[in-house]
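The values are calculated or read from the model by the stated rules, or taken from the named source; none is laboratory data. From a predicted model like this one, the values you see are computed outputs, not experimental measurements. Don't worry about glycine lacking a Cβ; one is built from the backbone with ideal geometry, like all the others, and counts go over all protein chains shown. Just so you know, the surface numbers come from the protein's heavy atoms only, side chains and all, with ligands and any DNA or RNA stripped out. Shrake-Rupley method; radii C 1.70, N 1.55, O 1.52, S 1.80 Å.
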Amino acid sequence: MQNYLLIESRDNFGQPGGGFCIELARTLADAGHAVGVLLVQNGVLSARAGAQASGLAGLVAAGVPVLADEFSLAERGISAQQLAPGIRGSALDVVIDRMIGGWKVLWH
């Protein structure tokens, strides 16, 4: 089995391709791979509590770690308290850490 970090930069609110990483993460997790999702740029908009049709709650329920880039959150005025349950803020250092650890990283 492989380890994957999927980085989503698009929101799920009408942008073409928004949600691609969420669908891929679920498919990979269901196949038994270790998967994590990092939301960056506009991708963090889907991490807010109450965001509709984001699909992130299903990932969290399936045990997939979902992180939101703290810089992207701050740029958009989103505090850690406004994140949906199970989603936590993270520095971008997580990307380097996972790459050093041999994870495959895909940015969308």
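Structure above, values below:
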item: Gaussian network model of the chain, springs between alpha carbon atoms under 10 Å - residue of I78, I96, I22 with greatest fluctuation; result: I96
item: Accessible area expressed per residue, the chain, with surrounding protein chains retained (probe 1.4 Å, Å²); result: 52
item: Most fluctuating residue given options A31, A68, A84, as computed from a GNM of the chain linking Cα atoms under 10 Å; result: A31
item: Interchain or long-range residues, amide H under 5 Å from L38's placed H; result: L6, I7, E8, L67
item: Rounded tilt (10° steps) of 20-30 against the dominant C-alpha axis of the chain; result: 40
item: Heavy-atom accessible surface of region 23-108: percent carbon and sulfur, 1.4 Å; result: 55
item: DSSP bridge pairs, the chain: antiparallel proportion in percent, nearest 5; result: 5
item: Principal axis box of region 48-108, alpha-carbon based, largest edge first, Å; result: 34, 28, 19
item: Overall Cα dimensions of the chain - principal axes, largest extent first, Å; result: 37, 26, 25
item: K104-N3 pseudo-label distance in nm [points 7 Å out on the Cα-to-Cβ vector]; result: 1.5
item: Relative contact order of the chain, defined on C-alpha pairs under 8 angstrom at six or more residues apart (%); result: 33
item: Residue-level accessible surface for H108, protein heavy atoms, 1.4 Å, Å²; result: 40
item: Residues Q41 and I96, FRET efficiency given R0 of 25 Å [Cβ-Cβ distance, rounded to 0.05]; result: 0.90
item: Long-range amide H partners of L83 with built H, under 5 Å; result: A49
item: Per-residue [θ]222 nm for the chain (sum of -39500 (n - 2.57) over DSSP H runs n ≥ 4, rounded to 500); result: -7500 deg cm²/dmol
